[in-house]
Amino acid sequence: MLASGILGYTAETMHTIEKNGVGAVVSKSIGVKPRKGYANPTVVQVNGGLINAMGLPNPGIDEYISEIQRAKKVLAVPLIISIYGYSAEEYAEVAEKAAYAGADAVELNVSCPHVKETGSEIGQNPKVLESVVRKVRAVTKVPVFVKVTPNVTDIAEIGEVAEKAGADALTATNTVRAIAINVETKMPILSNRGGGLSGSAAKPIALRCVYDLYERVEVPIVGCGGVTKWQDAVEYLLAGAVAVQIGTAIATEGPAIFREISHGISGYLKRKGYKRVEDIVGLSHRS
Ligand SMILES: Cc1cc2nc3c(=O)[nH]c(=O)nc-3n(C[C@H](O)[C@H](O)[C@H](O)COP(=O)(O)O)c2cc1C
C-alpha cells in the first residue's frame, strides 16, 4: 500500500502509483478544517531516512470530498482516507464524510509526532484513543484502521485498546520522534524543530512494534516503516503483518518499487515452497 502523506493527495498521483502495482492507496491525513502546515524547511535527509514535520497541511474534508470522488472514479484498488482531528467528534465527522464520499476504509492518524493536541498525543493516551476509535466506529461501516505511534512504552497495550474499541486493523507505525541540528547555525534544521524519522533507519523500531502487537492482538496488522526492498517486506510478514505500506522509499527508489517488492515477495514464496503470503505471516513467532 501507499503510505499516508507521500503522493496520496490528488486523484492523479494516486492513479500513477496504482499503475506501479500498489494493492491500496492511503491518502494524506485530512482534518475538519483546512490547515496550512509549517513553514519550510519541513523535511531533512538524515542517515537512512528523512525527518519530516510537515504540520499536516490539508484542505479540510469539505474541500477534499470532490478529490475523493474523483479518485474513486479512476482507482481500481481500495482508497483508504487518512484522518486526524483534535477530538473524537472531529475524527468521527471526517470519517463519516469520507465514507459518504466513497472511501473504502479510513485510517485514523493517532500517531503524528509533530502537531500539538492531535496525532501521537491521542495515540499515547489509552483513554482518549479508546473514545476516538469508539466514536468513529459508531458513525461508519467502512473498515477502520488505527495507525499507531512507536513513541510509547508498551505498543501492545495501545493495540489492545484500539482493538477493543472497534478497530478492524492496525497500521504500525507512524514516524519516530527525532531531530536534526545544523552545526553552523547551532539550531534545529526543521522550522518546527522536532519531527518524525522515516525510512530504513526506522525499520527495526517499527518491525519490533509489529512483532509485539502480533503477540497480543487478533486484528490484521499492516507494517509501515522503512520498507525499501522485498526482504524488508518479508521481515514484516514474518513478524506478523499481513501487508506493508511504503512511503519514504518512493523518493529514493521511485514508484516502480511497488512492483519490484511484489515480485521479490513472490520469488521468495516460490523458493521457500509457500503458495500464499498468508502462509508466512507471523512465522518468526514459532518456538
Ligand atoms: C513527508 C512525509 C509526510 C507524511 N505525512 C503523513 C500523514 O499525513 N499522515 C500519516 O499518517 N503519516 C504521514 N507520514 C508517515 C508515513 O505515512 C509513514 O508512516 C512513515 O513515513 C514510515 O514509513 P516509510 O519509512 O515507508 O516512509 C508522512 C511521512 C513523510 C516522510
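FYI, it's all coordinate maths here, none of it is from the lab. Everything numeric in this text was worked out from a predicted model, so none of it was measured. In this analysis, Cβ positions are derived from the backbone assuming ideal geometry, glycine residues included, and neighbour counts consider all displayed protein chains.
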Legend entry - Selection within the range 162-199 - out of contact with any helix residue (DSSP H, G or I) (no Cβ under 8 Å at 6 or more places or on another chain) and of a type in the set (A, V, I, L, M): A169, A178, I179, A180, I181, V183, M187, I189, L190, L197
Inset, instruction - May I ask you to list the residues in the range 5-29 that are more than 14 Å from I68 (Cβ to Cβ) and near the ligand (Cβ under 10 Å from one of its atoms)? - result: G5, I6, L7
Inset, instruction - Go through the range 177-186 and give me each residue that's in contact (Cβ under 8 Å) with a residue 60 or more places away in the chain and either buried (at least 22 other Cβ atoms within 10 Å of the Cβ) or not hydrophobic (A, V, I, L, M, F, W, C) (or both). - result: R177, A178
Legend entry - Per-region count, the range 77-124, residues aromatic (F, W, Y) and under 15 Å from K28 (Cα atoms): 2
Inset, instruction - Give the range 162-176 a look and list any residue that's within 14 Å of the ligand (Cβ to nearest atom) and either in a loop (DSSP other than H, G, I, E, B) or over 15 Å from the mean Cα position of the chain (by Cα) (or both), or say none. - result: T173, N174, T175
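Residues are listed down the side, and each one gets a yes or a no for (1) within 16 Å of the ligand (Cβ to nearest atom); (2) part of a helix (DSSP H, G or I); (3) buried (at least 18 other Cβ atoms within 10 Å of the Cβ):
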position	(1), (2), (3)
K116	yes, no, no
V132	yes, yes, yes
K135	no, yes, yes
F145	yes, no, yes
P150	yes, no, yes
I158	yes, yes, yes
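Conditions (1) touching a residue at least 12 places away in the same chain (Cβ under 8 Å); (2) under 22 Å from I80 (Cβ atoms); (3) of a type outside the set (D, E); (4) surrounded by 12 or more Cβ atoms within 10 Å (Cβ to Cβ), marked per residue:
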residue: Q245; (1), (2), (3), (4): yes, yes, yes, yes
residue: T248; (1), (2), (3), (4): yes, yes, yes, yes
residue: R259; (1), (2), (3), (4): yes, yes, yes, yes
residue: H263; (1), (2), (3), (4): yes, no, yes, yes
residue: G267; (1), (2), (3), (4): yes, no, yes, no
residue: R271; (1), (2), (3), (4): no, no, yes, no
residue: V277; (1), (2), (3), (4): yes, yes, yes, yes
residue: V281; (1), (2), (3), (4): yes, yes, yes, yes
Inset, instruction - Scan Y274, Y236, Y268 and give me the residue that is closer than 22 Å to D154 by Cα and either in contact with a strand residue (DSSP E or B) (Cβ under 8 Å, 6 or more places away or on another chain) or away from the ligand (no atom under 11 Å from the Cβ) (or both). - result: Y236
